[in-house]
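Beneath this line is the structure, given in structure tokens, with notes to follow.
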Amino acid sequence: MEYETNMSKNKKIKPSYSLRELIPEIAGIQELKDAHFDAEYNKAVQRIVKVMKSITGNDEVRQRIPHEEKESFIIITRNLYNMIKNDQTGEGQDLFARMAADEVLTAKEYEKLIGFFKKGFKANPELPLNKLLIERSNGDDRFYQLLVLG
């Protein structure tokens with residue numbers, strides 16, 4: 001496997017990453033230092049990714065995240081992870097459970113999710129797919145605003 005060199009940090013950049021490799025950046029836990037790593041990886045983060053794929057219509061089987069999409073993926077997944085794990089009200093867990101069950105969400109809930117995706121897409125604005133996704137999420141946001149107002 002070939003690696004690019006990032007001159008500013010003098011680190012090697014991999015062409016793609018496994019989900020497991022990104023857990024420290026998503027969940028803030030280190031594999032070797034935290035006994036909860038496997039539980040978070042196997043239960044929380046994999047479940048989030050599965051639901052994200054479902055709601056976005058992504059039926060790809062691959063588990064590798066291309067380098068170009070890494071930052072966007074981490075931002076979106078971290079926001080969902082924190083919504084579930086760190087929301088003391090329990091609303092984040094309820095929202096995620098409803099997403100996983102493919103239930104109809106409220107306009108406010110859609111707005112929250114669209115915000116997470118927009119933040120992630122903006123991390124890699126040079127990717128053609130991200131421009132399309134930002135336009136689509138802006139359209140979805142306007143649609144749900146009209147739904148609430150109308």
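What the table below lists for this structure:
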item: Members of region 57-68 that are in contact (Cβ under 8 Å) with a residue 24 or more places away in the chain and surrounded by fewer than 18 Cβ atoms within 10 Å (Cβ to Cβ); result: Q63, R64, P66, H67, E68
item: Identity of the residue in region 24-45, at pLDDT 80 or above and part of a helix (DSSP H, G or I), that ends up most open to solvent (accessible area, probe 1.4 Å); result: E25
item: Residues of region 4-20 satisfying the condition of being surrounded by 15 or more Cβ atoms within 10 Å (Cβ to Cβ) and modelled with pLDDT of 85 or more; result: S16, Y17, L19
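The values are calculated or read from the model by the stated rules, or taken from the named source; none is laboratory data. Source: prediction; values computed, not measured. A quick note on method: Cβ atoms are made from the backbone with ideal geometry, for glycine too, and the neighbour counts reach across all protein chains shown. Heads up: the accessible areas ignore ligands, DNA and RNA and are worked out on the full protein's heavy atoms, side chains in. Shrake-Rupley method; radii C 1.70, N 1.55, O 1.52, S 1.80 Å.
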